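Below is one structure, written out as C-alpha cells; comments come after it.
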Amino acid sequence: MAEMWVFGYGSLIWNPGFNYDARVIGFVRDYRRVFYQGSTDHRGTPQFPGRTVTLEHQPGATCWGIAYKISREEDKQVALEYLEVREKQYDEKVYLDLYTDSSPKVPALKNVMVYLATTNKESNKNYLGPAPLEEMARQIYLAVGPSGPNKEYVFKLEDALNKLGVEDSHVLELANAVREYSDA
C-alpha cells in the first residue's frame, strides 16, 4: 500500500503523537483555521467546553500547517487508530492538495488526509461556531480539560506557527485577546 500523508493545522503541529518518516511545511487552499470547534474531551469539559481549531471552507483562503508522511503499514495502522480516538470530535475526513513555498501553484502533495469538524449539529454535537472575540477569549481563558488549559493550546499554536514563520491573524488576535483577558 502507498504511503499516507496527514495534515496537521492545530495541536498536530507541535504534538503529532505518532511515528512519521518525513514532514512537509505547506498549506491547503480555500480553507481557513478557525476556533469554532468545542472541545469537551481535551481542552474543556462537557459542562464547560474549550475551543479548538477546525477548518472553514473559504474560497481564496489558505491555511498553513504540517503534513506528515507515514510509510510503514504498521505505523499507518497505529496512527489511524490513534487519530480516530484523538480526533473523534472531528466528524469529517477530507483529502486535500498541499502546496508549499517552492510549489505554490502546483500541488506538492495530493490527497493529504485532513480531519475537520463540520457545522452539522447532528454529526458534530460540539460545533460552537463564531462568537465575539472577547467572548471566545473568556471561554478559552477559563476552560480546562484532560489535556490541560485551553489557553495553553492557543499559545502553543501561536508559538508553533511563529516557529514555522506563519502569520495567522485569527490565531494572533485570539491569543492577544486571551492575554488581555488574563491581564484585566
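The values are calculated or read from the model by the stated rules, or taken from the named source; none is laboratory data. What you see is a predicted model, and the numbers here were worked out from it, not measured in a lab. For neighbour counting, all protein chains shown are included, and Cβ atoms are generated from backbone atoms with ideal geometry for every residue, glycine included. What goes into the accessible areas is simple: the full protein's heavy atoms, side chains included, and nothing from ligands, DNA or RNA. Shrake-Rupley method; radii C 1.70, N 1.55, O 1.52, S 1.80 Å.
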Exercise for review: Inspect segment 107-129 for any residue being open to solvent by less than 60 Å² (accessible area, probe 1.4 Å), closer than 19 Å to LYS156 by Cα and outside any strand (DSSP E or B) and give the result as yes or no.
Suggested key: no
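For every residue, the table says whether it meets (1) among the β-branched types (Val, Ile, Thr); (2) touching a residue at least 60 places away in the same chain (Cβ under 8 Å); (3) within 30 Å of ALA22 (Cβ to Cβ).
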site	(1), (2), (3)
LEU98	no, yes, yes
MET113	no, yes, yes
GLU122	no, no, no
LEU128	no, yes, no
SER147	no, yes, yes
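Residue by residue, here is whether (1) farther than 16 Å from GLU92 by Cβ; (2) among the charged types (D, E, K, R) holds:
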| site | (1), (2) |
| --- | --- |
| TYR115 | no, no |
| ASN120 | no, no |
| ALA131 | yes, no |
| GLU135 | yes, yes |
| ILE140 | yes, no |
| VAL154 | yes, no |
| LEU164 | yes, no |
| GLU167 | yes, yes |
| VAL178 | yes, no |
Review point. Here are ASP21, ASP75: which of them is over 16 Å from LEU116 (Cα atoms), open to solvent by less than 40 Å² (accessible area, probe 1.4 Å) and of a type in the set (Asp, Glu)?
Key: ASP75
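Hey, among GLU158, GLU173, which residue is in contact (Cβ under 8 Å) with a residue 40 or more places away in the chain, surrounded by fewer than 20 Cβ atoms within 10 Å (Cβ to Cβ), within 17 Å of TRP64 (Cα to Cα) and touching a helix residue (DSSP H, G or I) at 6+ places or on another chain (Cβ under 8 Å)?
After applying the criteria, what remains is GLU173.
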Check your understanding: Can you tell me which residue in segment 93-106 is nearest to PHE35 (Cα to Cα), limited to those that are among the β-branched types (Val, Ile, Thr) and assigned to a loop (DSSP other than H, G, I, E, B)?
Key -> THR100
Review point. Exactly one of (1) open to solvent by less than 40 Å² (accessible area, probe 1.4 Å); (2) assigned to a helix (DSSP H, G or I); (3) touching a residue at least 60 places away in the same chain (Cβ under 8 Å) is unmet by ALA137. Its number?
Key: (3)
Exercise for review: Evaluate the following for THR45: is it surrounded by 12 or more Cβ atoms within 10 Å (Cβ to Cβ), under 27 Å from LEU174 (Cα atoms) and touching a Gly at 6+ places or on another chain (Cβ under 9 Å)?
Suggested key: yes
**Study point:** Subset of segment 69-94 (residues that are among the hydroxyl-bearing types (Ser, Thr, Tyr) and within 15 Å of the chain's Cα centre (by Cα))
**Key:** TYR90
